[in-house]
1. State all residues of segment 233-260 that are aliphatic (A, V, I, L, M), open to solvent by less than 10 Å² (accessible area, probe 1.4 Å) and away from the ligand (no atom under 16 Å from the Cβ); if no residue qualifies, say none.
2. Please return the ranges of strands (runs of 3 or more DSSP E) entirely within segment 319-429 where 1 or more residues are open to solvent by less than 10 Å² (accessible area, probe 1.4 Å).
3. Residue by residue through segment 72-87, note down the ones that are charged (D, E, K, R) and crowded, with 16+ Cβ neighbours inside 10 Å.
4. Being within 16 Å of the ligand (Cβ to nearest atom) and in a loop (DSSP other than H, G, I, E, B) is the filter here, so list the residues in segment 100-142 that pass it.
5. Of the residues Glu282, Glu361, Glu342, Glu295, which is in contact with a Pro (Cβ under 6 Å, 6 or more places away or on another chain), assigned by TED's automatic domain parsing to the domain that holds Gln109 and touching a residue at least 12 places away in the same chain (Cβ under 8 Å)?
6. Considering only segment 180-202, state which residues are charged (D, E, K, R) and assigned to a helix (DSSP H, G or I).
7. Answer yes if at least one residue in segment 84-93 is touching a strand residue (DSSP E or B) at 6+ places or on another chain (Cβ under 6 Å), more than 16 Å from the ligand (Cβ to nearest atom) and part of a helix (DSSP H, G or I), and no otherwise.
8. For segment 204-226, how many residues are crowded, with 18+ Cβ neighbours inside 10 Å and under 19 Å from the mean Cα position of the chain (by Cα)?
Amino acid sequence: MGKGMSPKIILRAICILVLLTGFMMCTHSNEQENQTAVETQEQHDQRMSWWRDARFGMFIHWGLYAIPAGEWEGEINHAEWILTTAQIPVKEYENFAKEFNPAQFNAQQWVNTAKNAGMKYIVITSKHHDGFCLFDSKLTDYDVVDATPFKRDILKELSEECYNQGIKLCFYHSIMDWHHPDYLPRRKWESRSEEGADFDRYVQHMKGQVKELLTNYGEIGVLWFDGEWEDTWNRERGIDLYDYVRSLQPSIIINNRVGKGREGMAGTYDPEQALGDFGTPEQEIPSTGLGYDWETCMTMNDHWGYNKHDDNWKSNKDLIQKLVDIVSKGGNFLLNVGPTAEGLFPEPSIKRLNAIGKWMEVNGESIYGTSASLFSDLKWGRSTTKGCKVYLHVFEWPENRTLEVPGLKERADSVYLLQNPEASLTIEYNDTGALIQVPEDAPDPYVSVIALKFATTPGLLGTLH
Ligand code: JFZ
C-alpha cells in the first residue's frame with residue numbers, strides 16, 4: 001500500500017469497489033435474464049414444482065422414420081435421422097407419409113403404459129428434424145391428418161388420454177427442419193436450391209405451429225426444443241421464442257435447447273448463451289448434481305426412433321439404477337420409447353417399463369418429490385431425502401449383513417425396508433457414522449431401499465461433508 005493511505009481511505013475505496021461490482025453484476029444479470037425478469041424466485045419455484053416432484057418421464061420419438069425402421073439400402077444403423085444419414089431426397093422421403101397408417105395406435109394404452117411405469121409426464125415429438133407433424137397443423141399439409149391415410153390427430157388423442165389419466169403432456173418440437181422450403185441451411189448433399197428461401201419466414205411458420213400446439217391441446221407441461229445448433233439460430237431468436245411460448249402458456253417449462261448454450265455437445269457449451277429452465281444432458285448422467293435443474297434423456301437401446309435391428313437393450317437393473325442415480329443427484333430421467341409404424345411400443349420396451357413400474361410401486365416414495373443425496377459418497381449405492389426421511393438405495397447388498405452409513409450421526413426414530421415397513425431394522429451409531437443390521441439376502445433384485453425416519457427434517461448436511 002502507498003505511503004500515507006489511511007485505513008479509512010482504504011476502507012472507503014473497498015466500499016466503492018464492492019458497490020460498483022454489485023451494480024455491474026446487477027445490470028449484467030438483468031440483461032442476461034430479461035426473459036425471466038418478470039418472475040420472482042418464488043414464482044419460478046412454483047412453476048417448476050410439478051416437474052421437480054415428477055422425476056420420471058417418457059420420451060416418445062415417433063414419425064415417418066418408423067416405417068423404414070432404421071434400415072435403408074442394406075444399412076441398418078439409421079433411425080429418426082434417416083433422411084440425412086441415408087441421404088434420402090425430401091421428395092422421396094415424403095412418400096413414407098402415404099404409407100403411415102398405424103392401425104394399432106391406442107392413446108389410452110400408451111398413456112397407461114407410461115403411468116404404470118411410474119412416469120408422470122410424456123414428451124412426444126410433435127415434429128422432429130424431418131419436418132413431419134404428428135398433429136393437424138393448419139400451416140402445413142405435411143402432417144398426419146393431411147398427408148397420411150391414418151388421418152387421426154395423434155396429439156389430440158394423446159392430450160385427451162393424458163388429461164384423463166393425470167399425466168402431463170409435453171412436446172418435443174424441432175427448430176431444425178429438413179422439409180420446410182424456408183428453413184436454412186440445406187443439407188450439403190441436397191439438390192434443392194436455397195433460392196427464395198427466407199429463414200425469418202420459417203421462424204414465423206414455426207411460431208405459428210407453436211401457437212397451434214399451445215392452443216389446441218390443453219395445458220402443456222414442457223416445450224422441449226431441439227436442433228438449435230445450426231448457424232441460422234442464435235441467442236436473440238432463442239429469447240424471442242422462449243418469451244413467445246411463455247406468453248401463450250405462462251406456466252409452461254422450456255428446456256435449454258431453445259438457446260445456444262447447453263451441456264453435452266463437445267466444445268459448444270457457452271453459459272453466456274444458455275437459456276431455458278433446465279439442462280438436458282443426453283445419453284449421460286453427470287457425475288454430480290449440476291447446481292441447476294436438469295433432466296437426462298436416454299434410450300433403452302441405441303436409437304431414439306424405432307430400429308428393428310437394435311437389440312442392445314439395457315437391463316431392468318441398469319435402468320432402475322440409472323433412475324436412482326439421476327434422482328440422487330437432483331435430476332429427472334426422461335426415458336425413451338420408439339414406437340413401430342403399426343403404432344406399438346416395442347415388446348422389449350414394454351417389459352422394461354413394467355419392471356420399472358413394479359419397482360416404483362413399492363419404492364416410488366423414495367423417488368417422487370425427493371431432494372438430492374445428503375451424502376457425498378456411498379460406496380454401496382445412492383440416497384435421496386424428503387421431509388423427515390432419508391432413503392438409502394442399496395445397489396450392492398453387504399455380505400456381512402451390516403450396512404455402513406458413514407457420516408450419519410443423528411438418531412433416527414425408525415429404520416425399515418420400504419418393501420416391509422412393519423419390520424424395524426437395528427441401527428447402531430459410532431464415531432464415524434451408523435451401522436444398520438440387514439437381512440442376509442437383498443430383498444429386491446435391482447435396488448433395495450431402506451428408509452430412515454427422523455423426528456424433524458434431518459440436519460445432516462453439517463455432519464456429513
Ligand atoms: C437430438 C436429436 O438430433 C436426436 O434425433 C434426438 O431427438 C435427441 C433427443 O436429440 O440429438 C442430439 C442432441 C444433442 C447432442 C447429440 C444428439 N449432443 O449434445 O451431443
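1. Those that are aliphatic (A, V, I, L, M), open to solvent by less than 10 Å² (accessible area, probe 1.4 Å) and away from the ligand (no atom under 16 Å from the Cβ): Leu241, Val245, Ile252, Ile253.
2. 332-337, 381-386, 389-394, 402-406, 414-417
3. Glu80 - this is the single residue of segment 72-87 that is charged (D, E, K, R) and crowded, with 16+ Cβ neighbours inside 10 Å.
4. Matches in segment 100-142: His128, His129, Asp130, Gly131, Phe132, Leu134.
5. Glu342
6. Just the residues of segment 180-202 that are charged (D, E, K, R), to begin with: 182, 186-188, 190, 192, 194-195, 198, 200-201.
Asp200, Arg201, listed by residue number.
7. Within segment 84-93, the first condition is being touching a strand residue (DSSP E or B) at 6+ places or on another chain (Cβ under 6 Å), and the residues that meet it are 86.
This time we only want the ones that are more than 16 Å from the ligand (Cβ to nearest atom), so: none.
No.
8. So the answer is 7.
The values are calculated or read from the model by the stated rules, or taken from the named source; none is laboratory data. Remember, it's a predicted structure, so these values are computed and weren't measured experimentally. In this analysis, Cβ positions are derived from the backbone assuming ideal geometry, glycine residues included, and neighbour counts consider all displayed protein chains. Heavy atoms of the whole protein, side chains included, go into the accessibility calculation; ligands, DNA and RNA do not. Shrake-Rupley method; radii C 1.70, N 1.55, O 1.52, S 1.80 Å.
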